[in-house]
């Protein structure tokens with residue numbers, strides 16, 4: 001067992017002498033309670049931060065998907081019917097949720113080639129539309145939805 005010195009006021013020491021209690025055990029219990037309280041507060045703060053970040057993540061995904069939908073609708077109005085038809089034929093339920101899978105699927109539909117595209121070819125297909133060569137999943141997913149909404153009206 002370790003020894004810990006605790007300083008108390010003279011009045012408290014006198015009052016402690018009036019009672020036959022296990023002061024070491026009481027102090028150890030108080031220390032444990034304080035430690036557990038601090039751990040709980042730290043976990044609560046951490047959990048609160050995690051919940052806040054999860055909420056911000058969900059909002060960012062929703063915003064990016066909405067931006068993708070708008071971009072898909074805009075793109076659909078200026079593309080050829082054949083290219084729009086290929087994009088609208090993409091089954092969103094078959095996408096894995098991975099950025100690379102969505103990028104490859106969309107670029108292949110845009111390209112119209114049944115063969116596997118190189119990543120340079122994927123970038124070449126996506127960059128003119130998204131302004132960069134590697135849009136994230138929610139943007140691509142939204143783009144497909146937006147383009148499909150226009151296709152369904154044709």
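Key figures
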read-out: Degrees between helix 119-130 axis and first principal axis of the chain (Cα, 0 to 90, nearest 10); value: 90 degrees
read-out: Ranked by how many other beta carbons lie within 10 Å on average, peptides 102-108, 54-60 from highest; value: 102-108, 54-60
read-out: Angle in degrees between helix 23-76 and the longest Cα principal axis of the chain, rounded to the nearest 10; value: 10 degrees
read-out: Linear extension gain, residue 91 paired with residue 19, 0.36 nm per residue minus alpha-carbon span; value: 18.2 nm
read-out: Mean projection area, nm², convex hull over Cα of the range 1-112; value: 13.9 nm²
read-out: Viscosity 0.692 mPa s, temperature 37 °C, Stokes-Einstein D of the range 66-153 from Kirkwood C-alpha radius, µm²/s; value: 263 µm²/s
read-out: Tail weight of P(r) past 12 Å, computed on alpha-carbon pairs of the range 76-125, percent; value: 62 percent
read-out: The chain: angle of helix 137-153 to the longest principal axis, Cα-based, in degrees nearest 10; value: 40 degrees
read-out: Relative packing of peptides 62-70, 14-22, 134-142, 78-86 - highest average C-beta neighbours within 10 Å first; value: 134-142, 62-70, 78-86, 14-22
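Values quoted throughout were computed directly from the atomic coordinates according to the rules given, and no laboratory measurement underlies them. Given the structure is predicted, the values throughout are model-derived calculations rather than measurements. For neighbour counting, all protein chains shown are included, and Cβ atoms are generated from backbone atoms with ideal geometry for every residue, glycine included.
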